[in-house]
Amino acid sequence: QLQLVESGGGLVQPGGSLRLSCAASGFTLDSYAIGWFRQAPGREREGVLCISKSGGRSNYADSVKGRFTISRDNAKNTVYLQMNSLKPEDTAIYYCAADLRVNDYCFLQAQLYEYWGQGTQVTVSS
């Protein structure tokens, strides 16, 4: 059974940086696109960015372009989210999710993802 565990969240000042990790166990991630999603209280879940199974393609939400970068290391069975220039509105619980793929695309539609981590809290103080 594929399990995903996020880590690296915490409290950071505006303008600061965090790196989140998404580690998989049970199965390897090389057949899965990986997406990062976030949800703040009172708001709908938002697709932040995703990366294709090979790492060759990615999609970003407009709100994080130029600030967030996604990467993956299939040999380590881990996906990373580097977050720079953090803003208070980035405060949310961040989830990683896995979407089984036969192609090399990724999408930001949450319903496509079948495996989800438990989330890690990111708080950007003001």
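The values are calculated or read from the model by the stated rules, or taken from the named source; none is laboratory data. Predicted, not measured: the structure shown is a model, and the values here were computed from it. In this analysis, Cβ positions are derived from the backbone assuming ideal geometry, glycine residues included, and neighbour counts consider all displayed protein chains. Accessible surface is based on the protein model in full, side chains and every heavy atom, while ligands, DNA and RNA are left aside. Shrake-Rupley method; radii C 1.70, N 1.55, O 1.52, S 1.80 Å.
Results, tabulated for the structure shown:
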item: Relative contact order, percent, segment 1-119 [alpha-carbon distance under 8 Å, six or more residues apart]; result: 35
item: Estimated dipole of segment 9-116 in Debye, rounded to 20 [Cβ of Lys and Arg +1, of Asp and Glu -1, Cα centre]; result: 200
item: In Å², nearest 10: area of residue 30 left accessible to a 1.4 Å probe; result: 80
item: Rounded, prolate or oblate (a/c below 1.5 giving rounded, otherwise prolate when a/b exceeds b/c) for segment 6-50 by Cα gyration tensor; result: oblate
item: Sulfur and carbon atoms: percent of accessible area, segment 29-114 [1.4 Å]; result: 45
item: Fluctuation leader among 17, 25, 54 - the chain, Gaussian network, Cα springs under 10 angstrom; result: 25
item: Average accessible surface area per residue within the chain, 1.4 Å rolling probe, Å²; result: 51
item: 91, 120, ranked by accessible area, largest first (probe 1.4 Å); result: 91, 120
